[in-house]
Amino acid sequence: MADAETITAIGRNKKPIKVGDTVKYVNSDTVSRVTEIKKDEQGKVWVLLESTELWYREETLELTEIKAKEKKEERELTAKELEERFEKEKETMRGFNLEKAGGGGAGG
């Protein structure tokens, strides 16, 4: 594989895409920053998007001016935070009355 900094992808709208650019995946309108670009053994160019952490073919992306959402940093919760979250979930579940829940089946 070639070095990511030297590869430029060409998007669906024929505009060059580089690492750090913001692009839109045309099939779902996902907007994200490009974190890496690589070329496979067959010479096809693939672009890694920050928000999904998935690889996309260059021709399925378009360079865009839309602002990408910041990716939330995942962190480990403390024991106290986990306990508080669990208590909130318990309170939420107490509000449900499953006896009133319908079957949802198609029969009559």
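The values are calculated or read from the model by the stated rules, or taken from the named source; none is laboratory data. Note that the structure is predicted; figures quoted are calculated from it, not measured. Counting neighbours? That spans all protein chains shown, and the Cβs are built from the backbone with ideal geometry, glycine included.
May I ask you to say which residue of I37, I66 is surrounded by 15 or more Cβ atoms within 10 Å (Cβ to Cβ), in contact with a Lys or Arg (Cβ under 8 Å, 6 or more places away or on another chain) and among the hydrophobic types (A, V, I, L, M, F, W, C)? Break it down stepwise before answering.
On the way: I66 fails: surrounded by 15 or more Cβ atoms within 10 Å (Cβ to Cβ).
Result: I37 is the single residue among I37, I66 that is surrounded by 15 or more Cβ atoms within 10 Å (Cβ to Cβ), in contact with a Lys or Arg (Cβ under 8 Å, 6 or more places away or on another chain) and among the hydrophobic types (A, V, I, L, M, F, W, C).
Sort out which residues of the range 14-34 are over 11 Å from the mean Cα position of the chain (by Cα) and surrounded by 13 or more Cβ atoms within 10 Å (Cβ to Cβ), and write them in order of number.
K15, I17, K18, V19, D21, T22, V23, K24, V26, V34
Specify the residue that is farthest from T60 (Cα to Cα); the eligible residues are those in the range 4-45 that are assigned to a strand (DSSP E or B) and polar (S, T, N, Q). Talk me through it step by step, then tell me what you get.
Within the range 4-45, the subset assigned to a strand (DSSP E or B) is 9-10, 16-17, 22-25, 30-39, 45.
Filter again for polar (S, T, N, Q), leaving 22, 30, 32, 35.
On the way: T22: 13, T30: 11, S32: 13, T35: 16 Å.
Only one residue tops the list, namely T35.
Among the residues of the range 50-84, what is the count of those that are modelled with pLDDT under 80, out of contact with any strand residue (DSSP E or B) (no Cβ under 8 Å at 6 or more places or on another chain) and of a type in the set (D, E, K, R)?
7
So which residues in the range 36-69 are among the hydroxyl-bearing types (S, T, Y) and over 12 Å from the mean Cα position of the chain (by Cα), if there are any at all?
At the first step, the residues of the range 36-69 found to be among the hydroxyl-bearing types (S, T, Y) are 51-52, 56, 60, 64.
Correct list: T60, T64.
Do we find a residue being at pLDDT 80 or above and either in a loop (DSSP other than H, G, I, E, B) or of a type in the set (D, E, K, R) (or both) anywhere in the range 85-105? Working first, answer last.
Kept after step one, since they are at pLDDT 80 or above, are these residues of the range 85-105: 85, 87.
Now drop any that are not either in a loop (DSSP other than H, G, I, E, B) or of a type in the set (D, E, K, R) (or both), which leaves 85, 87.
Scanning the range 85-105, I find at least one residue that is at pLDDT 80 or above and either in a loop (DSSP other than H, G, I, E, B) or of a type in the set (D, E, K, R) (or both), so the answer is yes.
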